[in-house]
Amino acid sequence: MRTPSFNQIRPWGFTFAGARHWIDRRDHGATARRLARDTRRPLALDGAPVSGAGGGFPASLFTLVDPEVIEIRTAPRKARELFPERRLGDWSLTRALNPVRELVGTSEPYDDRSDTAPSSVNYTWMPVANYVYQTFIAFGERERAMSLQAGVDLASDKQRAAAEILSHDENRFYLFGVDGMPVYGILNHPDHAPSVSPRPWTPPGSATPVTRWNGKDAQAIYEDLTTLFSRIARNSGGHVDETTPLKLVVSPETSVLLGRRSRAGDGLSSPSALEMLHSHFSDLTVVTLPELASDTAGETVLLYAPEVTGQLTGELLYSEKIRTFQPFVRHTTEEQKWVAGVWGFQLYRPFAIATMTGV
């Protein structure tokens, strides 16, 4: 795949200040080492911008960008496996209004003279906030010299570290939002319907009912999940049924319970809950999410339809993937700030999501 230009990736939310070249990973760091070897610039005043005689950036390591940082920031982390992602604005915005569309209308028998059955769309404008966050990378003069001697690709390694940190935190904000701001996550959005509890089930030979799935058989687990689905089907007015694409989100521990089999009376294994689910729902995808685990209140499972009548149930909004700024020199260290921004998770169809806590 051909590496895009810096101008081509700007609309995706990637802005690299002063960048001139992509690092070719196939040259094993030769470009960066050659640049480090050939560049012998005098130090600027402490805190001054790094600029050459022509007013531009010098041939420093910050003029090189590892294209792998683009892959890191667009790779399907867990939140992006659940909902699609879209850019809204840029880092300069603090607030925005995001539209939620509701398609409405009626029809009537045809009549040449009648126009009393319109179709339209209702818009609800949801206020959203932009959370902008940052990290730094720095190259020390001695560190740079040591990496040159060792053949280490310093620029690539530090850029990938910054991209990983921004991506990790973005995933956390998409799941849990940002405290103190109207930036909400998939798991704690205030418009979620109240979570339901698993039904009590009494194991054979016991007089004590249980609700946790580790004490239930496959049939009881399956019935809990069909109860969860019936809530979505009922609240959707029939627009969600057994053929609708669905996603079931569970912790890794709970996913093991979905595949557990029970012993039937004739000694044969009965179907697992997962097999029964796939038999009943024609387009069900199971996604594991470690953040759903709990050691105290029981684990949570989430079932939802990603789309209803062609409209998204929710989406993830960001303002910036990576925005870098002009490097600065502090003593013998050259620093650069890396910034990203998120609006969080936007929930458009609350009825299409159901959760069960205490499994």
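All of the numbers you see were taken from the coordinates with simple rules; none came from a lab. These numbers were taken from a predicted model, which means no experiment stands behind them. A quick note on method: Cβ atoms are made from the backbone with ideal geometry, for glycine too, and the neighbour counts reach across all protein chains shown.
Observations on the model:
- The range 195-240 shape via C-alpha gyration tensor axes, a/c threshold 1.5: prolate
- Whole-Hz couplings from phi, Karplus 6.51/-1.76/1.60, listed for the range 238-248; x for Gly and Pro: x, 7, 10, 9, 5, 9, 6, x, 10, 10, 10
- The calculated FRET efficiency for Thr106 paired with Ala129, based on their beta-carbon distance and R0 = 35 Å, is about 0.40.
- Calculated FRET efficiency for the pair Val152/Ala193, C-beta based, R₀ 45 Å, to 0.05: 0.30
- Overall form of the range 239-359 per C-alpha gyration tensor (a/c, 1.5; a/b vs b/c): prolate
- Between Trp12 and Arg261, the FRET efficiency from the beta-carbon distance, with R0 = 41 Å, is close to 0.35.
- Kirkwood radius, the chain, all distinct C-alpha pairs, inverse of mean reciprocal distance: 24.2 Å.
- Using a simple spin-label model with pseudo-atoms 7 Å out from Cα toward Cβ, Glu164 and Leu97 lie 4.3 nm apart.
- In this rough spin-label picture, where each label sits 7 Å from Cα along the Cβ direction, the Glu68-Glu143 distance is 1.8 nm.
- Whole-Hz couplings from phi, Karplus 6.51/-1.76/1.60, listed for the range 187-200; x for Gly and Pro: 8, 9, 5, x, 8, 5, 5, x, 6, 9, 9, x, 6, x
- Rounded if a/c under 1.5, otherwise prolate or oblate - the range 316-359, Cα gyration tensor axes: oblate
- Per the Debye calculation on the range 127-263 with a single equal scatterer at every Cα and no solvent contribution, log₁₀ I(q)/I(0) for q = 0.15, 0.18 Å⁻¹ amounts to -0.95, -1.13.
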